[in-house]
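Bear in mind these aren't lab numbers, they're just calculated from the coordinates by the rules spelled out. Quantities reported herein were computed from a predicted structural model and do not represent experimental measurements. Glycine also receives a Cβ, built like all others from the backbone with ideal geometry; neighbour counts cover every protein chain displayed.
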Amino acid sequence: MAQHYVYRFYAELKDYEPKIWRRFEINGEKTMAELGYALMIMFEMQGSHLFCIVDNMREEIIARTRGLYDKIDSQGGKVSDLWDTLRNNRYELIDEEMDYFGDDQPVEADGITLNRAMGRIGTEATMMYDYGDGWEVALRLEECERQEISLSLLPRVLEGEGFGIIEDVGGTGGLEQFAEAMKRGEGEDFDEYCEWLGIEGFDMDEFDIEDINFRLKKLIRVYRESYEYHYEPTEQTLKLLLRHYKGKGPSGY
């Protein structure tokens, strides 16, 4: 059996209570884009919006060099001048027609693997999805080790809590309102949500690890083809995306 670097991450939806989180493993040959697709699947993002992953390189370098500040400053240099030149990497699918703003360095997410982009235990990053609703998932690398393992097992979720997001609900604030309405199980907003999603009720605490791992094996290729090659989903793919195999309604929830 071949050896591969296996990365173990902890991921958590930002600015939402109760926590929605995942601990998962993925092989280092995956691209940063594929890491993004895996996160989308784990947090129930349907792949209908732009996304990126921003690392914490600038802050990490500043933290590691802060102890040298006094020494260099006393010799006439300024560490802060070096810090001002540092930028975090923003991994995304770059479109030549798009304008990029801010201090982050854009990097082709589908052209760089985890083995090249991430390696230090404790490295942190943030995945951003749907810049309108503003979903953010905090990511921390907990472990990276070379293992003899079949790639058919990866990626895989080890543990977690909570269902994930609801697309186009209005970010974490909208998700909180949705969760409250579902918990009450009645009222005008409850009826409106149910009609919108084609459901009769919903449990935001649901965490089906077997289903998530099933979808990780089946859907990363589908997301990659959609984002990178702009393929339209087939009828069979749509049924998979919408969980027809579990007898779900038109929204898949």
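Here are the numbers for this structure:
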read-out	value
Among 22-32, 207-217, 225-235, the order from most to least packed when residues are scored by Cβ within 10 Å on average	22-32, 207-217, 225-235
Net charge, Thr31 excluded, C-beta distance under 10 Å - Lys, Arg +1, Asp, Glu -1	-2
Lysine pairs with alpha-carbon atoms under 29 Å apart, the chain, spacing 8 or more or separate chains	26
Cα-based shape type of the chain, given that a ≥ b ≥ c are square roots of the gyration tensor eigenvalues and the cut on a/c is 1.5	prolate
Modelled FRET efficiency - R0 41 Å, Glu145 with Lys248, Cβ distances, 0.05 increments	0.65
Surrounding net charge for Gly249, when Lys and Arg each add one and Asp and Glu each subtract one, Cβ distance under 13 Å	+2
Local electrostatic count, Arg87, Cβ distance below 9 Å [Lys/Arg +1, Asp/Glu -1]	0
For the stretch 179-222: rounded, prolate or oblate by the Cα gyration tensor [a/c cutoff 1.5]	prolate
Label-point separation, Glu232 to Glu210 (7 Å along Cα→Cβ), nm	3.6 nm
Residues Ser48 and Asp191, FRET efficiency given R0 of 35 Å [Cβ-Cβ distance, rounded to 0.05]	0.90
Euclidean distance of C-alpha centroids, the stretch 105-180 and the stretch 183-253, integer Å	18 Å
Between 0 and 90°, nearest 10: helix 171-184 axis offset from the chain longest Cα axis	30 degrees
Mean separation of Cα contacts under 8 Å, 6 or more apart, over the residue count of the stretch 127-253: relative contact order %	23 percent
Per-pair calculated FRET efficiency, R0 = 45 Å: Glu200 and Ile121 via Cβ, rounded to 0.05	0.50
Cα shape, the stretch 108-231, gyration tensor, a/c 1.5 rule	prolate
Value of relative contact order over the chain, rounded to a whole percent, pairs C-alpha under 8 Å and six or more apart	27 percent
Length released on extending from Glu180 to Lys217, taking residue separation times 0.36 nm less the Cα-Cα span	10.1 nm
Highest-first arrangement of 195-204, 36-45, 142-151, where packing means the average Cβ count within 10 Å	36-45, 195-204, 142-151
